[in-house]
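To keep things clear, I will list the structure first and then write my remarks on it.
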Amino acid sequence: PPGRWQWSGWLDPKGRVRSLLQIARPDDERLVVVPRGGDGEAIANDLRRFVFRSKVKIVVSDVLHASDGDALDDTHVYEDASGAIHFGEGGASLRIGHAHDATNTNDAWITRHIEKGYAWLPDAAIDTLLPPAISMERLGAVSFNKGCFPGQEIAARLHYLGGNKKHLHVVTSERALPEGHSLRVDGNGVGIVLMCHASSTKPISLVVLDDAAVQADTLEIEDMRLHIVSTFDA
């Protein structure tokens with residue numbers, strides 16, 4: 001409804017995540033889509049193939065920036081005088097707008113989103129992960145009991161048969177982990193880094209790990225240790 005926002009997702013025909021989206025309806029006649037990773041122009045071009053009403057127009061904004069906003073009820077959204085969109089998260093909000101119009105340009109929202117499991121997908125993760133690997137059902141970004149949508153049959157089958165073997169984790173590490181970096185144990189890939197915030201204490205990251213690699217709260221990755229802080233349901 002107007003004044004609200006929701007999570008959504010777009011899967012490819014194989015059920016892999018093409019895009020994780022925040023979709024807002026700041027007024028009756030307009031939807032604002034924030035892709036959490038990927039190329040906005042490429043996503044818009046693909047979406048235009050599905051436009052059948054001449055009054056619907058899909059446009060790509062100028063480059064905008066994410067920053068912390070004021071407290072706003074969860075799933076509520078509003079547009080401020082500068083045109084920035086605020087996505088409510090309860091005790092805070094994510095502001096998407098021009099950097100020079102922001103009153104608060106710090107990046108504390110990154111740690112907050114890591115701790116909440118709100119993934120931002122680096123290029124290396126796009127079209128590679130199934131929805132359970134980034135906990136999309138928990139967010140309401142995908143539903144396996146309604147549709148139809150691209151990739152639903154494959155993703156739903158794996159979901160109900162327990163075929164997902166990857167989960168989303170919050171970890172701390174001895175040094176910052178590059179986003180999109182492949183995590184390896186004994187030369188074998190066991191996961192990927194989605195987000196990292198190099199805080200003043202220990203860097204905190206949001207990663208996807210193979211279940212088989214997670215045998216304890218501390219994981220030896222290459223030449224460092226990852227401490228698993230929390231794990232999200234599929």
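Length gained on full extension, residue 70 to residue 112, computed as 0.36 nm times the residue gap minus the Cα-Cα distance: 13.7 nm.
Evaluating 6.51 cos²θ - 1.76 cosθ + 1.60 at θ = phi - 60° for every residue in region 163-172, the Karplus couplings come out as x, 7, 10, 10, 9, 8, 9, 9, 10, 10 Hz, glycine and proline recorded as x. Ranking 212, 164, 226 by Cα position along the charge dipole of the chain, where only Lys, Arg, Asp and Glu carry charges on their C-beta atoms, puts 164 farthest toward the positive end. Lysine pair count for the chain with Cα-Cα distance under 26 Å and sequence separation of 8 or more or different chains is 10. Within the assembled protein chains, the solvent-accessible surface assigned to residue 100 is about 150 Å², based on a 1.4 Å probe.
What order do 49, 16, 95 take when sorted by accessible area (1.4 Å probe), most exposed first?
Values: 49 145, 16 95, 95 10 Å².
The residues order as 49, 16, 95, largest area first.
Counting protein heavy atoms only, region 117-167 has 55 percent of its accessible area on carbon and sulfur, 1.4 angstrom probe.
Spin-label pair residue 47-residue 175: with each label point 7 Å from Cα along the Cα-Cβ axis, the two points sit 3.9 nm from one another. Rolling a 1.4 Å probe over the protein heavy atoms leaves residue 158 with an accessible area of roughly 60 Å².
Ranked from highest to lowest mean number of other Cβ atoms within 10 Å per residue, what is the order of the peptides 162-169, 28-35? Write out the running numbers ahead of the final one.
Values: 162-169: 17.1, 28-35: 13.9.
Top to bottom by mean Cβ count within 10 Å: 162-169, 28-35.
Per-residue ellipticity at 222 nm computed for the chain from its helices equals -3500 deg cm²/dmol, with DSSP H segments shorter than 4 residues left out and the rest contributing -39,500 (n - 2.57). Heavy atoms of the protein chains alone define the surface here; on that basis region 1-95 has 58 Å² accessible area per residue at 1.4 Å probe size. So if we plug the beta-carbon distance of residue 80 and residue 224 into 1/(1 + (r/R0)^6) with R0 = 45 Å, what FRET efficiency do we get, rounded to 0.05? Given R0 = 45 Å and the Cβ-Cβ separation, E is 0.60. Using a simple spin-label model with pseudo-atoms 7 Å out from Cα toward Cβ, residue 184 and residue 59 lie 4.7 nm apart. What is region 177-234 by shape, rounded, prolate or oblate, if you read a ≥ b ≥ c off the alpha carbon gyration tensor as root eigenvalues and call it rounded for a/c under 1.5, prolate for a/b larger than b/c, and oblate otherwise? The shape class here is rounded.
How much net charge surrounds residue 80 when only other residues with a Cβ under 14 Å from its Cβ are counted (Lys, Arg +1; Asp, Glu -1)?
Details: positive: 95; negative: 27, 68, 70, 79, 101.
Every neighbour counted, the sum reads -4.
Taking all protein chains together and a 1.4 Å probe, the residues 78, 160 rank 160, 78 from largest to smallest accessible area. Could you tell me whether region 92-228 comes out rounded, prolate or oblate from its Cα gyration tensor? Rule is a ≥ b ≥ c as square roots of the eigenvalues, rounded for a/c under 1.5, then prolate if a/b exceeds b/c, otherwise oblate. Oblate, because a/c is 1.5 or more while a/b does not exceed b/c. Distances between placed amide hydrogens fall under 5 Å for residue 185 paired with 190, all partners being 5 or more residues away or on another chain.
The values are calculated or read from the model by the stated rules, or taken from the named source; none is laboratory data. Quick caveat, the model's predicted, so the values are computed rather than measured. Glycine also receives a Cβ, built like all others from the backbone with ideal geometry; neighbour counts cover every protein chain displayed. Each accessible area value is taken on the protein alone, full model and side chains, heavy atoms only, with ligands, DNA and RNA left out. Shrake-Rupley method; radii C 1.70, N 1.55, O 1.52, S 1.80 Å.
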